[in-house]
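Here is the structure we will look at, set down as structure tokens.
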Amino acid sequence: MGLKGDNAFINPSNIELSEDILKAARIILDGDCVAVPTETVYGLAANAFSENACRKIFEIKNRPFIDPLIVHVSDMAMAESIACFNDKARRLAAKFWPGPMTIVLKKKDVIPDLVSANLDTVAIRMPSHKVAHALIVASKVPFAAPSANPFGYVSPTKAEHVRAQLGDKIKLILEGGQCDRGLESTIISLADPNRPLLLRFGPLAREELEAFLGEKVIVPEKNPAQPIAPGMMKSHYSPKANFRLFENESEIPENFDGAIIFLKRPQSPKNNHFWLSENGNLAEVAKNLYDLMRNCDKRYSKILCQKPENSGVGAAINDRLMRASKK
Ligand code: TXA
Ligand code: MG
């Protein structure tokens, strides 16, 4: 249990004191990385206060240093200690935290510049997954964590995804089951509270955010804080297979021999047919998307995937599908 690259066993009834959480907390405080489940995707976590520890995240993932990390906190006091909150941010946090929403705010000096890629802002999230929460409580420090995958590949939603790709580079992978939301968090910038920016679509829908705020959010063409060359961003969330999208079944070429991923069970499924949900429920589609993409990527060199409607979590699913389809 808890050996190098092994999945630790978690006893949910006493999670904060479980041996594996304590072991993970010690690794974090020693300046190393741990893979941890969250409700969105698995993260590759390091002590957010330690520049050296966070550098290891970039090295393990092969991630460019210009791509800033999200800092994960357990409570509001911890959140307020690392960023300058305004009233709007506090209201959003009170409503949607803990949960799949990241807020970008002006950062305080305790966060190393490496974490924020030299920006004067920091991205913060309070995860609701009990294992992620327990790790922060046990270590008493926030952890910085990107998704626990090699840069540019699909995010991991199961511990086995992390182990398959990064298992030999990580001291410990905490097992927390399949991530419930299955897509990376929604990112909203309130660095200027009068100009809320939706920087990444995610499980918390734009419609829900706007209804709560009582105003429109701006969707910038490009995340202004992520000055990565467009060519690099294109390959984000990409499987290795040739990945194409369709809306209606009539668009599927006859005799297509790659994998076909449907939103719901097709009427007469064939061997190369897969589906993300029995009845097309979009929360289920989001939850299963990356796992099915990975499985199809192992066996097929071509994948066709059906696009959902572009509202609610469907907008986030489409965002990831579009990126995956652009090589
Ligand atoms: O659901 C999630 O957010 C997962 C889990 C592990 O929490 N994490 C995640 O991290 O998706 P990552 O590294 O794959 O995505 C972080 C993104 C960056 O690529 C950047 O777009 C944005 O967050 N970001 C981070 N700090 C920022 C900042 N100061 N300003 C603007 N965007 C920022
Ligand atoms: Mg990522």
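Structure notes:
- In this structure the chain gives 44 Å² per residue of accessible area when probed at 1.4 Å with all protein chains present.
- Rounded percent of accessible protein surface that carbon and sulfur make up, the chain, 1.4 Å probe: 49
- Dipole magnitude of the stretch 171-223 about its Cα centre (Cβ charges: Lys, Arg +1; Asp, Glu -1), debye to nearest 20: 200
- Nearest-0.05 FRET efficiency for Asn194 and Lys307, computed from C-beta distance (R0 25 Å): 0.15
- Helix content alone sets the calculated 222 nm mean residue ellipticity of the chain: runs of n ≥ 4 DSSP H residues at -39500 (n - 2.57) each, divided across all residues, give -9000 deg cm²/dmol.
- Take every Cα pair under 8 Å whose residues are at least 6 apart in sequence, average their separation, divide by the length of the chain, and the relative contact order is 20 percent.
- The chain: antiparallel DSSP beta bridges as a percent of all, rounded to 5: 45
- Listed by chain and number, the lysines placed with their C-alpha closer than 20 angstrom to that of Lys169 are Lys4, Lys23, Lys56, Lys61, Lys158; residues fewer than eight positions away on the same chain are left out.
- DSSP-defined beta bridges in the stretch 69-184 - what % are antiparallel, rounded to 5: 75
- If only the Cβ of Lys and Arg carry +1 and only the Cβ of Asp and Glu carry -1, the dipole of the chain around its Cα centre is close to 540 debye.
- Residue order for Phe243, Phe212 - accessible surface, 1.4 angstrom probe, largest first: Phe212, Phe243
- Neighbour-limited loop hits for GluC sites (Glu not before Pro), the stretch 255-327 (at most 12 other Cβ within 10 Å; DSSP other than H, G, I, E, B): Glu278
- For the stretch 134-280, DSSP calls about 40 percent of its internal beta bridges antiparallel.
- Farthest toward positive dipole pole in the chain [+1 Lys/Arg, -1 Asp/Glu at C-beta], among Ile261, Gly177, Ser18: Ile261
The values are calculated or read from the model by the stated rules, or taken from the named source; none is laboratory data. None of these values were measured; they are calculated from a predicted model. Virtual Cβ from ideal backbone geometry, glycine too; neighbours counted across all protein chains shown. Only protein heavy atoms, including side chains, enter the accessible area calculation; ligands, DNA and RNA are left aside. Shrake-Rupley method; radii C 1.70, N 1.55, O 1.52, S 1.80 Å.
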